[in-house]
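Here's the structure we're looking at; comments come further down.
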Amino acid sequence: MLGGVVFGVVGVALPLTMFSGSDQLNTVLSEAGTLGLGLLVATLIAKLLTFAVSQESGFVGGPIFPSLFIGGTAGVIVHQVIPGVPLGLAFTCLLAAVPGALAPAPFSMVLMAAFLTQVGALQTAPILIAVVTAFLTMEGVKYLMASRKQARAAAAKPAAPA
């Protein structure tokens with residue numbers, strides 16, 4: 001019930017965070033200049049919050065479409081903050097890197113981004129680098145967390161008497 005309340009409050013305040021994000025991503029792309037950086041950042045943070053709430057409170061749905069919205073919006077924000085970075089580059093790289101970090105299928109995410117945005121074959125190299133970097137970073141974090149958990153379990157285990 002608390003998850004539904006969070007969704008309702010955030011949805012009323014920031015309607016771009018509602019639903020899967022596919023239609024809302026079109027709005028973010030086409031209206032980025034008029035939405036403003038502050039609203040884009042607030043929308044990104046709110047979508048991250050609602051995505052975490054949905055994953056932890058048992059709502060129906062998977063991580064791919066919300067992470068596509070999060071990545072695409074982050075790419076637009078990068079372009080807004082650093083205008084020297086082309087919008088197409090920032091958008092496609094982050095569109096693929098965010099779900100590529102969550103799903104254990106990095107090459108599928110590269111192909112998905114290439115086909116969704118219709119970039120050429122040469123333009124997929126930065127996308128591949130972004131996705132592989134995100135994927136390897138998440139795998140490294142998982143390894144470190146597992147190592148830390150094992151070290152805590154070993155330290156909590158009482159020593160055997162000699």
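I need THR27, THR34 ordered by Cβ neighbour count within 10 Å, fewest first.
THR34, THR27
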Using the membrane-span-like helix rule (whole DSSP H runs, Cα extent along the own axis of at least 24 Å, mean Kyte-Doolittle hydropathy at least 1.0), which helices of the chain qualify?
37-57, 64-81
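Between MET18 and ALA42, what length in nm is gained on full extension when 0.36 nm per residue of separation is reduced by their alpha carbon distance? Show your work: numbers first, answer last.
On the way: separation 24, 0.36 × 24 = 8.64 nm, distance 1.34 nm.
Length gained, MET18 through ALA42: 7.3 nm.
Only Cα pairs under 8 Å and at least 6 apart count here; give the relative contact order of the stretch 1-56 as a rounded whole percent.
Values: 23 pairs, mean separation 26.3, N = 56.
After rounding, I find 47 percent.
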Among PHE59, PHE135, which comes first, second and so on when ranked by fewest other beta-carbon atoms within 10 Å?
PHE59, PHE135
With a cut-off of 8 Å between alpha carbons and a minimum separation of six or more residues, what is the relative contact order of the stretch 97-142 in percent?
58 percent
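What dipole magnitude, in Debye to the nearest 20, does the chain give about its Cα centre under +1 on Lys/Arg Cβ and -1 on Asp/Glu Cβ? Write out the running numbers ahead of the final one.
On the way: 6 positive and 4 negative charges, 138 e Å.
The dipole of the chain has a size of about 660 debye.
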What does the extension gain come out to for ALA52 and THR137, with contour length at 0.36 nm per residue minus their alpha carbon separation?
28.7 nm
Which one, ALA113, ALA121, ALA130, has the greatest fluctuation when you compute a Gaussian network model over the chain with C-alpha springs under 10 angstrom?
ALA121
Spacing of the two label points (7 Å from each Cα toward its C-beta) at ILE64 and ASN26, in nm
2.0 nm
Sorting GLN150, PRO63, MET109 by the position of each Cα along the dipole of the chain (Lys, Arg +1; Asp, Glu -1; all at Cβ), the one nearest the positive end of that ordering is GLN150
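What number, in percent, do you get for the relative contact order of the stretch 36-162 if the mean sequence gap of Cα pairs under 8 Å and at least 6 apart is divided by its residue count? Before the final figure, lay out each step's value.
On the way: 120 pairs, mean separation 25.0, N = 127.
20 percent.
Values in this text are rule-based calculations from the coordinates and carry no lab data. Just so it is clear, the structure is predicted and the values come from calculations on it, not from any experiment. Note that we place each Cβ from the backbone using ideal geometry, even for glycine, and neighbour counts take in every protein chain shown.
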